[in-house]
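These notes are about the structure you will find just below.
The values are calculated or read from the model by the stated rules, or taken from the named source; none is laboratory data. What you see is a predicted model; the values in this text were computed from it and never measured. In this analysis, Cβ positions are derived from the backbone assuming ideal geometry, glycine residues included, and neighbour counts consider all displayed protein chains.
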Amino acid sequence: MSGNERVTKVTVDVIVALHEVLERHRVTEQEWLAALRFLTEVGRHDEFVLLSDVTRSSVLIDALSHQAEESSATASDVAGPLYREDPPWREPPVKIYQDYEGSSNGEVLFVAGQVTSTGGSPLADAVLDVWQTGPVGGYDVWDPRQPAYNFRGRFGVDESGHYEFQTMVPQPYTVPTDGPVGRYLELRGQHPWRPAHIHFKVDAGGHERLTTQVFFPGDPYLDNDTIGAVKPALVRPLTRHEDDRALAQRGLDRPFYACEFDIRLRTASGG
Ligand code: BEZ
Ligand code: FE
């Protein structure tokens, strides 16, 4: 089916479904105009991805796009609207943040793992691109105390596909609530919280790009993510290290956490 045919087919079905809803609820002129004004505002505030996320449409599209994948591949997850293009390249030892006012109360975290194919072959040309919130203030784009691209970065792996980066344990946070989508959430009585997580995009030659997120056990929003994006396979334990030798090895003077996250990529279709 050509692109145009598919657009026509899906669009016709969307309009039929929409008309059915308008009829069933006897939507008034006033209500319809209010709905159109709301969508106009969503566009003006660049919140369509956010709307897709909080209505759980993004999670549905992710499931539809990846449901047939091999189970040994790392599970995908939605990207959300907070990705920034062209994050800085970080050389080893990779550290993706600078300290800022308030961050000293946060906990240092080392995330490490191996990138392989689903068959277990190391992918030495893999590139990871990660982004997350800091321990306070949320994403860099929301927090004037943080330098640009704080808690973001791209980096490679070693010849056996291993990576490691130093970050801080992220905290649960609320999706933006100061725009039209915030008003929608309020109206629906839907809370705006997401469990703490780290986003990943992972690329390697001949393999499909993986976009995913990692979550941590015990988070109060694991079963209650406002965008419904938590997958049990993506919840990874945090191990606390506090003995003097481990601290000395890391050059740290306070306990830190470690998290293992191995990543298995599918072979590109046709590759
Ligand atoms: C995020 O995880 O960055 C995110 C996802 C959905 C809405 C807002 C933020
Ligand atoms: Fe996020």
Taking Ser58 as the residue in question, decide whether it is out of contact with any Pro (no Cβ under 8 Å at 6 or more places or on another chain), in a loop (DSSP other than H, G, I, E, B), among the hydroxyl-bearing types (Ser, Thr, Tyr) and within 20 Å of Phe215 (Cα to Cα). no
Over segment 142-153, the set of residues at negative phi and either modelled with pLDDT under 95 or over 15 Å from the mean Cα position of the chain (by Cα) (or both) is Trp142, Asp143, Pro144, Arg145, Gln146, Pro147, Ala148, Asn150
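State all residues of segment 176-204 that are among the hydroxyl-bearing types (Ser, Thr, Tyr) and either part of a helix (DSSP H, G or I) or more than 14 Å from ligand 1 (Cβ to nearest atom) (or both); if no residue qualifies, say none.
Scanning segment 176-204 gives a single hit, Tyr184.
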Members of segment 141-168 found to be among the charged types (D, E, K, R) and away from ligand 2 (no atom under 12 Å from the Cβ), listed by number: Asp143, Arg145, Arg154, Asp158, Glu159, Glu164
Pair list, Cβ < 8 Å and 6+ apart or interchain, from segment 152-170 residues that are farther than 13 Å from Ile198 by Cα and small (Gly, Ala, Ser) to residues that are modelled with pLDDT of 95 or more and crowded, with 20+ Cβ neighbours inside 10 Å: Gly156/Ala126; Gly156/Leu128; Gly156/Tyr163; Gly161/Val115; Gly161/Thr116; Gly161/Leu123; Gly161/Ala126
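Residues checked against (1) of a type outside the set (Val, Ile, Thr); (2) within 16 Å of ligand 1 (Cβ to nearest atom); (3) within 19 Å of Leu185 (Cα to Cα):
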{"residue": "Lys9", "(1), (2), (3)": "yes, no, no"}
{"residue": "Leu18", "(1), (2), (3)": "yes, no, no"}
{"residue": "Val21", "(1), (2), (3)": "no, no, no"}
{"residue": "Arg26", "(1), (2), (3)": "yes, no, no"}
{"residue": "Thr40", "(1), (2), (3)": "no, no, yes"}
{"residue": "Phe48", "(1), (2), (3)": "yes, yes, yes"}
{"residue": "Leu51", "(1), (2), (3)": "yes, yes, yes"}
{"residue": "Ile61", "(1), (2), (3)": "no, yes, no"}
Test Tyr100 against the criterion of being aromatic (Phe, Trp, Tyr) and within 16 Å of ligand 2 (Cβ to nearest atom), and give yes or no. no
Strands (runs of 3 or more DSSP E) (entirely within segment 209-271) containing at least 2 residues that are under 30 Å from Thr177 (Cβ atoms) and of a type outside the set (Gly, Ala, Ser): 210-215, 256-260
Taking only segment 243-271 into account, find how many residues are touching a Gly at 6+ places or on another chain (Cβ under 8 Å) and closer than 12 Å to Phe110 by Cα. 2
Condition set among the basic types (Lys, Arg) and either away from ligand 1 (no atom under 16 Å from the Cβ) or without any contact (Cβ under 8 Å) to a residue 12 or more places away in the chain (or both), scope segment 72-125, selection surrounded by the fewest Cβ atoms within 10 Å (Cβ to Cβ): answer is Lys95
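Take Gln67 and decide whether it is modelled with pLDDT under 95, more than 16 Å from ligand 2 (Cβ to nearest atom) and surrounded by fewer than 16 Cβ atoms within 10 Å (Cβ to Cβ).
Yes: the conditions hold for Gln67.
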Considering residues of segment 148-182 that are in contact with a helix residue (DSSP H, G or I) (Cβ under 8 Å, 6 or more places away or on another chain), over 14 Å from Pro135 (Cα atoms) and of a type outside the set (Phe, Trp, Tyr) only, the residue surrounded by the most Cβ atoms within 10 Å (Cβ to Cβ): Val181
If we scan segment 234-254, do we find a residue that is in contact (Cβ under 8 Å) with a residue 40 or more places away in the chain, closer than 26 Å to Ser65 by Cβ and within 16 Å of ligand 2 (Cβ to nearest atom)? yes
Within the set of pairs 6+ apart or on separate chains, which have a first residue in segment 208-225 that is among the charged types (D, E, K, R), a second that is buried (at least 18 other Cβ atoms within 10 Å of the Cβ) and part of a loop (DSSP other than H, G, I, E, B), and C-beta atoms under 7 Å apart? Glu208/Arg266; Asp219/Pro195; Asp219/Ala196; Asp225/Pro195
